[in-house]
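> Got a structure for you, questions after.
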Amino acid sequence: MPIEPTIVNKIILAILNGVVWALIIALVALGLTLIFGLMDIVNIAHGDFYMLGAVLAWYGVALFNNFWLGAVMAMIFTAILGAVVERSIIRPVEGLPAFTVVVTIGLSYIIQQSVLATFGGSPQTVPEPIRLTIEFLGIRYPAYRLFVAGVSGLALIALGVFLFKTPYGLWIRASMQDKEIASAMGINVSNVYIMTFSLGAMLSALGGALAAPITQVFYLMGLDVLAISFIIVIIGGLGSLKGTLIAAFIISLLENFITLVATPTEARVISLLIMGAVLLIRPKGLFST
(Lines give C-alpha, C1' and ligand atoms only; values in the text may rest on other atoms or scores of the structure.)
Protein backbone atom coordinates (compact mmCIF):
# COMPACT_ATOMS: atom_id res chain seq x y z
CA MET A 1 0.00 0.00 0.00
CA PRO A 2 1.62 3.31 -1.08
CA ILE A 3 2.44 5.89 1.56
CA GLU A 4 0.31 8.99 1.39
CA PRO A 5 2.19 12.06 0.12
CA THR A 6 1.18 14.02 3.21
CA ILE A 7 2.90 11.44 5.42
CA VAL A 8 6.02 11.61 3.26
CA ASN A 9 6.00 15.39 3.53
CA LYS A 10 5.71 15.19 7.31
CA ILE A 11 8.65 12.79 7.48
CA ILE A 12 10.78 15.06 5.28
CA LEU A 13 9.90 18.06 7.44
CA ALA A 14 10.71 16.09 10.59
CA ILE A 15 14.14 15.22 9.17
CA LEU A 16 14.86 18.80 8.09
CA ASN A 17 13.70 20.32 11.37
CA GLY A 18 15.58 17.65 13.29
CA VAL A 19 18.84 18.39 11.51
CA VAL A 20 18.45 22.17 11.92
CA TRP A 21 17.65 21.87 15.62
CA ALA A 22 20.45 19.31 16.12
CA LEU A 23 23.01 21.75 14.71
CA ILE A 24 21.70 24.60 16.89
CA ILE A 25 21.57 22.54 20.07
CA ALA A 26 24.99 21.05 19.30
CA LEU A 27 26.48 24.53 19.64
CA VAL A 28 24.94 24.88 23.09
CA ALA A 29 25.72 21.34 24.24
CA LEU A 30 29.33 21.47 23.02
CA GLY A 31 29.86 24.67 24.99
CA LEU A 32 28.44 22.92 28.05
CA THR A 33 30.62 19.83 27.63
CA LEU A 34 33.74 21.91 27.03
CA ILE A 35 33.23 23.71 30.33
CA PHE A 36 32.47 20.51 32.21
CA GLY A 37 35.25 18.51 30.56
CA LEU A 38 37.91 21.07 31.43
CA MET A 39 36.67 22.67 34.62
CA ASP A 40 34.38 19.98 36.13
CA ILE A 41 31.68 22.64 36.42
CA VAL A 42 27.99 21.88 35.96
CA ASN A 43 27.01 25.30 34.64
CA ILE A 44 23.31 25.76 35.43
CA ALA A 45 23.44 29.23 33.86
CA HIS A 46 24.54 27.90 30.46
CA GLY A 47 21.01 28.03 29.03
CA ASP A 48 20.81 31.68 29.99
CA PHE A 49 23.71 32.51 27.67
CA TYR A 50 21.55 30.97 24.92
CA MET A 51 18.69 33.22 26.04
CA LEU A 52 20.96 36.28 26.03
CA GLY A 53 21.95 35.48 22.45
CA ALA A 54 18.31 35.47 21.38
CA VAL A 55 17.48 38.64 23.34
CA LEU A 56 20.44 40.55 21.90
CA ALA A 57 19.48 39.42 18.40
CA TRP A 58 16.01 40.86 19.08
CA TYR A 59 17.57 44.15 20.22
CA GLY A 60 19.66 44.20 17.05
CA VAL A 61 16.45 44.24 15.05
CA ALA A 62 14.50 46.53 17.40
CA LEU A 63 17.19 49.19 17.78
CA PHE A 64 19.21 48.98 14.57
CA ASN A 65 16.95 47.01 12.23
CA ASN A 66 19.85 44.64 11.74
CA PHE A 67 19.62 41.03 12.87
CA TRP A 68 23.22 40.27 11.94
CA LEU A 69 24.51 43.11 14.12
CA GLY A 70 22.49 41.70 17.01
CA ALA A 71 23.98 38.23 16.48
CA VAL A 72 27.53 39.63 16.48
CA MET A 73 26.72 41.72 19.57
CA ALA A 74 25.45 38.58 21.30
CA MET A 75 28.66 36.64 20.63
CA ILE A 76 30.95 39.48 21.75
CA PHE A 77 28.90 40.36 24.84
CA THR A 78 28.58 36.78 26.09
CA ALA A 79 32.26 36.05 25.46
CA ILE A 80 33.21 39.04 27.63
CA LEU A 81 30.56 38.15 30.21
CA GLY A 82 31.86 34.58 30.30
CA ALA A 83 35.38 35.80 31.05
CA VAL A 84 34.12 38.08 33.83
CA VAL A 85 31.96 35.32 35.33
CA GLU A 86 34.78 32.78 35.29
CA ARG A 87 37.24 35.14 36.93
CA SER A 88 34.95 36.73 39.52
CA ILE A 89 32.33 34.06 40.32
CA ILE A 90 33.57 30.62 39.27
CA ARG A 91 37.24 30.97 40.21
CA PRO A 92 36.67 31.47 43.98
CA VAL A 93 34.77 28.15 44.22
CA GLU A 94 37.00 26.18 41.86
CA GLY A 95 37.28 22.54 42.90
CA LEU A 96 34.09 22.67 44.99
CA PRO A 97 31.39 21.03 42.80
CA ALA A 98 28.48 21.66 45.18
CA PHE A 99 29.37 25.34 45.47
CA THR A 100 29.72 25.76 41.70
CA VAL A 101 26.19 24.40 41.23
CA VAL A 102 24.83 26.83 43.84
CA VAL A 103 26.80 29.74 42.36
CA THR A 104 25.65 29.06 38.79
CA ILE A 105 22.04 28.69 39.96
CA GLY A 106 22.36 32.15 41.51
CA LEU A 107 23.97 33.48 38.33
CA SER A 108 21.10 32.03 36.29
CA TYR A 109 18.56 33.78 38.50
CA ILE A 110 20.42 37.11 38.24
CA ILE A 111 20.59 36.92 34.43
CA GLN A 112 16.92 35.97 34.13
CA GLN A 113 15.73 38.73 36.44
CA SER A 114 17.96 41.31 34.75
CA VAL A 115 16.50 40.40 31.36
CA LEU A 116 12.98 40.41 32.82
CA ALA A 117 13.55 43.93 34.18
CA THR A 118 14.88 45.30 30.87
CA PHE A 119 13.37 43.14 28.15
CA GLY A 120 10.04 42.37 29.82
CA GLY A 121 8.17 39.17 30.48
CA SER A 122 6.15 38.91 27.27
CA PRO A 123 7.46 36.59 24.53
CA GLN A 124 8.70 38.47 21.47
CA THR A 125 9.33 37.40 17.89
CA VAL A 126 12.22 38.17 15.57
CA PRO A 127 11.43 38.34 11.85
CA GLU A 128 13.44 35.99 9.68
CA PRO A 129 16.25 37.99 8.04
CA ILE A 130 15.99 35.77 4.95
CA ARG A 131 12.33 35.78 3.88
CA LEU A 132 12.47 33.18 1.16
CA THR A 133 11.09 29.68 0.87
CA ILE A 134 12.54 26.84 -1.13
CA GLU A 135 10.24 24.31 -2.75
CA PHE A 136 11.42 20.74 -3.27
CA LEU A 137 9.95 17.25 -2.99
CA GLY A 138 6.50 18.77 -2.76
CA ILE A 139 7.16 20.91 0.31
CA ARG A 140 8.02 24.55 0.93
CA TYR A 141 10.76 25.13 3.48
CA PRO A 142 12.08 28.44 4.88
CA ALA A 143 15.45 29.32 3.39
CA TYR A 144 16.49 30.87 6.71
CA ARG A 145 16.39 27.47 8.43
CA LEU A 146 18.69 26.04 5.77
CA PHE A 147 20.93 29.05 6.29
CA VAL A 148 20.95 28.36 10.05
CA ALA A 149 21.97 24.78 9.37
CA GLY A 150 24.81 26.00 7.16
CA VAL A 151 26.06 28.61 9.63
CA SER A 152 25.85 26.18 12.55
CA GLY A 153 27.69 23.54 10.55
CA LEU A 154 30.43 26.02 9.65
CA ALA A 155 30.66 27.09 13.30
CA LEU A 156 31.09 23.46 14.36
CA ILE A 157 33.77 22.94 11.71
CA ALA A 158 35.52 26.13 12.88
CA LEU A 159 35.37 24.84 16.46
CA GLY A 160 36.94 21.56 15.34
CA VAL A 161 39.72 23.40 13.50
CA PHE A 162 40.29 25.61 16.55
CA LEU A 163 40.48 22.67 18.95
CA PHE A 164 42.56 20.32 16.81
CA LYS A 165 44.62 22.56 14.53
CA THR A 166 45.68 25.53 16.67
CA PRO A 167 47.96 25.88 19.71
CA TYR A 168 45.07 27.28 21.75
CA GLY A 169 42.99 24.20 21.01
CA LEU A 170 45.93 22.01 21.97
CA TRP A 171 46.18 23.82 25.30
CA ILE A 172 42.48 23.23 25.95
CA ARG A 173 42.66 19.53 25.06
CA ALA A 174 45.84 19.04 27.07
CA SER A 175 44.27 20.72 30.09
CA MET A 176 41.17 18.54 29.71
CA GLN A 177 43.36 15.42 29.75
CA ASP A 178 45.49 16.34 32.77
CA LYS A 179 45.66 19.81 34.30
CA GLU A 180 48.78 19.11 36.38
CA ILE A 181 50.84 17.79 33.46
CA ALA A 182 49.61 20.62 31.22
CA SER A 183 50.70 23.15 33.83
CA ALA A 184 54.07 21.42 34.20
CA MET A 185 54.55 21.71 30.42
CA GLY A 186 54.22 25.49 30.68
CA ILE A 187 50.53 25.88 29.74
CA ASN A 188 48.81 28.65 31.65
CA VAL A 189 45.80 26.63 32.79
CA SER A 190 44.26 29.68 34.46
CA ASN A 191 44.07 31.51 31.12
CA VAL A 192 42.81 28.35 29.43
CA TYR A 193 39.92 28.30 31.92
CA ILE A 194 38.91 31.84 31.01
CA MET A 195 39.19 31.15 27.28
CA THR A 196 37.15 27.94 27.54
CA PHE A 197 34.37 29.45 29.63
CA SER A 198 34.14 32.41 27.23
CA LEU A 199 34.10 30.08 24.23
CA GLY A 200 31.34 27.97 25.77
CA ALA A 201 29.23 31.05 26.52
CA MET A 202 29.76 32.42 23.01
CA LEU A 203 28.73 29.13 21.36
CA SER A 204 25.55 29.06 23.43
CA ALA A 205 24.75 32.68 22.52
CA LEU A 206 25.33 31.97 18.83
CA GLY A 207 22.83 29.14 19.05
CA GLY A 208 20.32 31.45 20.73
CA ALA A 209 20.79 34.22 18.15
CA LEU A 210 20.31 31.80 15.25
CA ALA A 211 17.23 30.28 16.90
CA ALA A 212 15.59 33.64 17.69
CA PRO A 213 13.71 33.98 14.35
CA ILE A 214 12.56 30.35 14.59
CA THR A 215 11.20 30.38 18.13
CA GLN A 216 9.81 32.96 20.54
CA VAL A 217 12.25 35.08 22.54
CA PHE A 218 11.48 34.85 26.24
CA TYR A 219 13.51 35.42 29.39
CA LEU A 220 12.98 31.80 30.52
CA MET A 221 13.66 30.21 27.12
CA GLY A 222 17.04 28.95 28.29
CA LEU A 223 15.51 26.47 30.73
CA ASP A 224 14.25 24.08 28.08
CA VAL A 225 17.52 24.30 26.15
CA LEU A 226 19.50 23.64 29.32
CA ALA A 227 17.45 20.50 29.96
CA ILE A 228 17.92 19.05 26.46
CA SER A 229 21.62 20.02 26.52
CA PHE A 230 22.16 18.06 29.72
CA ILE A 231 20.32 15.08 28.22
CA ILE A 232 22.57 15.20 25.15
CA VAL A 233 25.78 15.65 27.15
CA ILE A 234 24.93 12.76 29.49
CA ILE A 235 24.00 10.43 26.63
CA GLY A 236 27.03 11.43 24.55
CA GLY A 237 29.44 11.26 27.46
CA LEU A 238 30.51 13.95 29.89
CA GLY A 239 33.44 15.79 28.35
CA SER A 240 33.20 13.92 25.02
CA LEU A 241 33.00 16.38 22.12
CA LYS A 242 32.34 13.71 19.48
CA GLY A 243 29.78 11.97 21.68
CA THR A 244 27.94 15.23 22.32
CA LEU A 245 27.69 15.96 18.60
CA ILE A 246 26.40 12.46 17.79
CA ALA A 247 23.90 12.53 20.67
CA ALA A 248 22.60 15.94 19.53
CA PHE A 249 21.62 14.47 16.16
CA ILE A 250 20.16 11.29 17.66
CA ILE A 251 17.97 13.05 20.23
CA SER A 252 16.89 15.90 17.95
CA LEU A 253 15.86 13.60 15.10
CA LEU A 254 14.21 11.18 17.53
CA GLU A 255 12.11 13.91 19.18
CA ASN A 256 11.04 15.32 15.83
CA PHE A 257 9.93 11.88 14.62
CA ILE A 258 8.09 11.17 17.87
CA THR A 259 6.15 14.44 17.57
CA LEU A 260 4.61 13.08 14.38
CA VAL A 261 2.50 10.75 16.54
CA ALA A 262 2.78 12.27 20.04
CA THR A 263 3.12 15.61 21.83
CA PRO A 264 6.46 17.40 22.33
CA THR A 265 6.14 16.76 26.07
CA GLU A 266 5.85 13.01 25.47
CA ALA A 267 8.84 13.17 23.13
CA ARG A 268 10.88 14.84 25.86
CA VAL A 269 9.80 12.20 28.38
CA ILE A 270 11.14 9.51 26.05
CA SER A 271 14.45 11.37 25.80
CA LEU A 272 14.61 11.46 29.60
CA LEU A 273 13.91 7.72 29.75
CA ILE A 274 16.75 7.11 27.28
CA MET A 275 19.04 9.24 29.43
CA GLY A 276 18.04 7.24 32.50
CA ALA A 277 18.75 3.97 30.70
CA VAL A 278 22.16 5.24 29.60
CA LEU A 279 23.01 6.25 33.18
CA LEU A 280 22.11 2.74 34.36
CA ILE A 281 23.89 0.82 31.60
CA ARG A 282 26.82 3.08 30.75
CA PRO A 283 27.16 5.92 33.29
CA LYS A 284 30.03 7.56 31.40
CA GLY A 285 27.89 7.94 28.26
CA LEU A 286 27.40 5.93 25.09
CA PHE A 287 30.27 7.49 23.19
CA SER A 288 32.82 8.20 25.92
CA THR A 289 36.23 6.61 25.55
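Each row is one residue, and each column tells you yes or no for (1) at pLDDT 95 or above; (2) under 30 Å from A62 (Cα atoms); (3) β-branched (V, I, T).
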position	(1), (2), (3)
L116	yes, yes, no
V126	yes, yes, yes
T133	no, yes, yes
Y168	no, no, no
I172	no, no, yes
M176	no, no, no
I181	no, no, yes
I187	no, no, yes
Y193	no, no, no
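> In this structure, does V85 turn out to be over 20 Å from the mean Cα position of the chain (by Cα), closer than 23 Å to S190 by Cα and surrounded by 19 or more Cβ atoms within 10 Å (Cβ to Cβ)?
On the way: over 20 Å from the mean Cα position of the chain (by Cα): no; closer than 23 Å to S190 by Cα: yes; surrounded by 19 or more Cβ atoms within 10 Å (Cβ to Cβ): yes.
The answer is no for V85.
> Something else about it: In the set F49, F64, which member is among the aromatic types (F, W, Y), crowded, with 24+ Cβ neighbours inside 10 Å and farther than 30 Å from V261 by Cα? Don't jump to the end; show me each part of the working.
Working: F64 fails: crowded, with 24+ Cβ neighbours inside 10 Å.
Only one candidate qualifies: F49.
> Given the condition touching a helix residue (DSSP H, G or I) at 6+ places or on another chain (Cβ under 8 Å), of a type in the set (S, T, N, Q) and buried (at least 22 other Cβ atoms within 10 Å of the Cβ), answer yes or no: does some residue in region 35-43 qualify?
So in region 35-43, the residues touching a helix residue (DSSP H, G or I) at 6+ places or on another chain (Cβ under 8 Å) come out as 35-43.
Still in the list and also of a type in the set (S, T, N, Q): 43.
So of that shortlist, the ones also buried (at least 22 other Cβ atoms within 10 Å of the Cβ) come out as 43.
Within region 35-43, one or more residues are touching a helix residue (DSSP H, G or I) at 6+ places or on another chain (Cβ under 8 Å), of a type in the set (S, T, N, Q) and buried (at least 22 other Cβ atoms within 10 Å of the Cβ).
> Is it true that I105 is surrounded by fewer than 24 Cβ atoms within 10 Å (Cβ to Cβ), touching a residue at least 12 places away in the same chain (Cβ under 8 Å) and assigned to a loop (DSSP other than H, G, I, E, B)?
Numbers: surrounded by fewer than 24 Cβ atoms within 10 Å (Cβ to Cβ): yes; touching a residue at least 12 places away in the same chain (Cβ under 8 Å): yes; assigned to a loop (DSSP other than H, G, I, E, B): no.
Answer is no for this residue.
> Quick one: which residue in L260, L241 is aliphatic (A, V, I, L, M) and either surrounded by 13 or more Cβ atoms within 10 Å (Cβ to Cβ) or at pLDDT 95 or above (or both)?
L241
> For I25, work out the one condition from (1) surrounded by fewer than 24 Cβ atoms within 10 Å (Cβ to Cβ); (2) part of a helix (DSSP H, G or I) it doesn't fulfil.
(1)
The values are calculated or read from the model by the stated rules, or taken from the named source; none is laboratory data. What you are looking at is a predicted structure, and each value in this text was computed from that prediction instead of being measured. Ideal geometry is used to build each Cβ from the backbone, glycine not excepted, and the neighbour counts take in all protein chains shown.
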